[in-house]
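The values are calculated or read from the model by the stated rules, or taken from the named source; none is laboratory data. Treat the numbers as computed from the prediction; the structure is a model and nothing was measured. Because the Cβ atoms are built from the backbone with ideal geometry, glycine has one as well, and the counts that use them run over all protein chains shown. These accessible areas exclude ligands, DNA and RNA; they are computed on the full protein's heavy atoms, side chains included. Shrake-Rupley method; radii C 1.70, N 1.55, O 1.52, S 1.80 Å.
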Amino acid sequence: MRYRRRKSEQEKLMEEQPGSEADVKEPAQPSYSQLSRNIEYLTKALKHSNDLKVRVLNDGNAALLYFETLADQEKVQEKIFTQMEFGKWDSIAELPNGKHTEDLEEALKVLLRGHALYIEDGNKKLSYFSVTTEINRSVEEPENEKVVRGSHEGFVENLMININLLRKRLEHRDLTIKFFRVGKKTNTNIAIAYMDGITNPELVEEVEKRIKSVTADTILSPGFMEEFIEDNPGSPFPQVLSTERPDRVIANVMSGKIALIAEGSPTVLILPSTFFMFYQSPDDYNSRWFSGTFIRIIRLMSFLIAIGLPAMYIAIIGFHFEVIPDDLVPPVKSAIDQIAYPPFVEAFIMVVIIELIREAGMRLPQPVGQTIGIVGGLVIGDAVIRAGLISNLMVIVVALTAIASFVVPSHELSTTLRMLTFPLIILASTLGFIGIVFGIMFILIHLVKLESFGNPYFAPVSPLRLQDLKDTFVRIPLFKLDNRPKDANPIKEQSMGESREWKRNGKSKKSKQTKKSK
Amino acid sequence: MANQKNQSKQKSQNDAAFLNTKITRLQFFFLIVQTQIGVGVISLPYNLQQVAKQDGWISLIGASLIVQLLLLLYWLLLKNTPKQHLFMSLEKIFGKWPGKAVTLLYCFYFIAVGALILMLYTRVINLWMLINTPKWILTTFMVTAGLYLISGNIKVLARAYTLFSGLMIILIVSLIYGVRNANFIFILPIGAAGLENILKGVNEGVLSLLGFVFILIIYPLVEGTDKEKLKIIFYTQWFILGFYLLVVFSTFTFFGAKEILLVPEPVLYMLKAYEFSVVERLDLFFISVWIVSVTTSFTTYLYMAGKGLKHMFNSNKEMHFMIMMAAISLTLALTFGRGEQLIGQYGDIVMKFGYLFSGLLPVLLLLIFLARKKKLTGSDSK
């Protein structure tokens, strides 16, 4: 059973018409026996599009239809005409690599998928051949998720290649792929991948339900899907982790989560996600656990710096000057004395400037982007201090904040963090520490309330799961991570048995030997 | 008739949804701890010192023992009325309408305490951190935070309290730092204040421990057997006693008997004296963390008040009642919170009602239950 499933994956993709409820309503048009009526129906349905090629064969008794722009000429040659030259078959319709249908609507769909359709006069049976061109980028390391050690493969824009990358890494029959089609007009092919027997079936059901409920015309990228299926669109926090790294996807699938892959995008979504997953990187597991832990703690510290540092600074300067130790008071005072603006305005200007530099540098070609960085960072930063607009301390604070926000391995969360500084700055400049406390309290309450596919977002800290903390703030050695995290409620919790008995065995043997010798 | 049936059905569904949410024993622990520890921390040593002199800590232990005894009685009641929270038991044991009336009284009491918490908190903030900030801004912030917390279900409350409890480590560490330069001579001689004063001090101690009524409402949601739950209840009281003793000892031994009477917020004055090379004025950070504890206490009272009202009206629109109660507490806090004296009088009255609502009524409930046990349990099994 399972073997068949794997083998027929390709065909499944071609034939699967998911969202079947919607498809049932679509009209089925039985084909005619006359060639001209068939062709007329098809060309009319395709609005006489100019790139539809109709090749008349057999003195007008048959025709081969395909989109020039979708089909590969060489494949047409190889799969159809070369085969015919062998002379084994009388008609193209009898070729063994063709598939058949008697439904013109179905024929339309396969044409749009890049197949070549062969129609004979006097025969209701339509044959089609897969001759789709595949224009693919090669598998490269994703620009935004680079690692130092470990795999440098990244997903590409082709769904089949992406699934291939997953299957290569996870050669097990339990890896289940399910295809769906979303987007009434774009007809985007998406797939979910999960481990049967580890992933909670209820979760799978929920994900399927949500995917099927999408009725939009256009689904272009996983980002579209994310907004349609996430729990809480009103939250600033991303509730679905997106990644372009196959190893990261596999790690998550193995802990009972579901990966959502879409045709046309290298981004894969992981459902459900927790807040702390955004702070994990494959690098943590590639390096020694000491350094992995160290780096992870640095990253989580960056969270506090990114959302709290400017607010803290403003609160201290504006309200609680007495918190600064005596020796530090003169330099701080001399730095801010000459500035005309209140600290709130200073911080606001500086944060906006940094955002401008970032946004300007991001879309420009690399050399220009670097220039922007230098002009923006060095020149403006220096000039702004000399002009007396902004204190040098504020520049340090805001620059540190910006750096801290980029430490997060996830781009979305980093944007969220930089956005969250604004309300905190406002609160700090109106109520000092009290404002910050309430601001952070609101953020924490929000995080506690959030759920991603029915699973608490801020786990394992809240609700507290001591077992799962082993891989949250710290990363203890891999052989000690013998239980899957409960983030996604996996039905199989244990992830390994004894792995390092040889060490214990050695010891016990020794003790046995000594006992014997005694 | 049909209408009535419908109503009771809806009600049972409401309660069932509430009773079906499960909270773990750890969350139960922190829910209680965070409710009981709140505004009192800052002025507790001062209040104890005023009546019981340097023997205030003995009063505190006595108060905790009384509370533990009372909680044992609570537990007896709760054990016998499974799957029932306070407001359900009130109606069942006192009868429908008297029960509803008592529920309403409870709601008033809860919201009055909530308003008191708001007043005391704004007083401290206005005194220590933001002298010119209007009271209504500070109270509005706290009320909004409370409402936001409540707007999830009880599970969110439990999770958030557990999370916020991590901050208590900061409080505890800064207090332990205070013990460093303790002068234990200040609490000697033990028992010098006399039995009468110590007993008066017990009163102050009990008042600082109020908030345990919350157990009556959330007990049925906690996972585990009755015995395990009882254990947790005692653990919470021991933890709170330990924490308060730390507060009392660190300040008593730092200031000495006479000095403490000059400082109404001894904990803050003590922390203010410390200097570190990185930061000064530890008291400001202490207040910042303390605000979180105050918010949780306030939220619990708001929650209980709204819950009671909702139960009384048999409605399923919980948030409406919560917002209503929040508005009442806000107005109460702003009208009575204007003068030092007014706060004092208001506080005295509300605190005395604590004995009625946390002590007398639940015990009465237990007694009536025991007297009519057969009848009540009999009708239940029908």
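Tabulated data
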quantity	calculated
Signed unit charges on C-beta, dipole axis of the protein assembly as shown, positive-most listed residue A:THR82, A:MET362, B:ALA305	B:ALA305
Additional length obtainable on full extension of the chain from B:TRP97 to B:LEU76, 0.36 nm per residue less Cα span	5.1 nm
Percentage relative contact order, region A:31-130, counting C-alpha pairs under 8 Å, at least six apart	36 percent
Solution diffusion estimate, µm²/s, Stokes-Einstein, chain B, Kirkwood Rh from C-alpha pairs, 20 °C, viscosity 1.002 mPa s	99 µm²/s
Threshold 30 Å² - residues in region B:144-161 whose accessible area is reduced by that much or more when the chain is no longer isolated, probe 1.4 Å	B:ALA145, B:TYR148, B:VAL156, B:ARG159
Dimensionless Rg over Rh [the protein assembly as shown; C-alpha; Kirkwood]	1.07
Value of Rg to Rh for region B:92-140 (Rh from inverse mean 1/r over Cα pairs, i.e. Kirkwood)	1.32
Spread of Cα-to-Cα distances over 5 Å intervals beginning at zero, given as percent, for region B:167-317	2, 7, 12, 16, 17, 14, 12, 9, 6, 3, 1, 0
Dipole magnitude (debye, nearest 20) for region A:31-130, charges at Cβ of Lys, Arg, Asp, Glu	240 debye
Size of region A:209-345 as Cα extents on the principal axes (Å, biggest first)	62, 43, 22
Burial ranking of peptide ranges A:355-368, A:401-414 (average Cβ count within 10 Å, highest at the top)	A:401-414, A:355-368
Averaged over A:412-424, number of beta-carbon atoms from partner chains that fall within 10 Å	0
Buried accessible area, chains A and B (both chains, 1.4 Å probe, Å² to nearest 100)	2800 Å²
q = 0.10, 0.18 Å⁻¹: log10 I(q)/I(0) that the Debye formula gives for region A:159-273, counting C-alpha atoms only	-0.26, -0.87
Dipole of the protein assembly as shown, positive direction: furthest Cα of A:ALA107, B:ALA16, A:TYR285, with charges on the beta-carbon	B:ALA16
27 Å tail of the calculated P(r), region A:286-456, as % of Cα pairs	34 percent
Farthest toward positive dipole pole in region B:23-364 [+1 Lys/Arg, -1 Asp/Glu at C-beta], among B:LEU282, B:MET119, B:TYR161	B:TYR161
Relative contact order (%) - criterion: Cα under 8 Å, at least six apart; region: chain B	38 percent
Whole-angstrom gap from region B:214-232 to region A:329-406, using each part's C-alpha centre	55 Å
Packing-based ranking, highest mean first, of A:115-124, A:52-61 given that Cβ atoms within 10 Å are counted	A:115-124, A:52-61
Shielding score for B:278-284, defined as the mean number of other chain Cβ atoms within 10 Å	5
Cα pair distances exceeding 41 angstrom across chain A, given as percent	41 percent
Relative compactness, region A:31-130, computed as alpha-carbon Rg over 2.2 N^0.38 Å	0.98
Rel. contact order, % - alpha carbon contacts under 8 angstrom, at least six apart, region A:286-456	37 percent
Between helix B:168-179 and chain B: long-axis angle, C-alpha atoms, 0 to 90°, nearest 10	30 degrees
1.4 Å probe accessible area per residue over the protein assembly as shown, in Å²	47 Å²
Charge dipole magnitude, Cβ of K and R +1, D and E -1 - chain B, Cα centre, debye nearest 20	1740 debye
Per-residue ³J(HN,Hα) for region B:235-247, Karplus 6.51 cos²θ - 1.76 cosθ + 1.60, θ = phi - 60°, Hz, x for Gly and Pro	4, 4, 5, 5, 4, 5, 4, x, 5, 5, 4, 4, 4
Shielding by other protein chains, A:460-470, mean Cβ within 10 Å	3
Nearest-20 debye value, chain A charge dipole, Cβ charges on Lys, Arg, Asp, Glu	2820 debye
Mean ellipticity per residue at 222 nm, deg cm²/dmol - from DSSP H runs of n ≥ 4 across the protein assembly as shown, formula -39500 (n - 2.57)	-19000 deg cm²/dmol
Apportionment of accessible area to carbon and sulfur, the protein assembly as shown, percent (1.4 Å)	60 percent
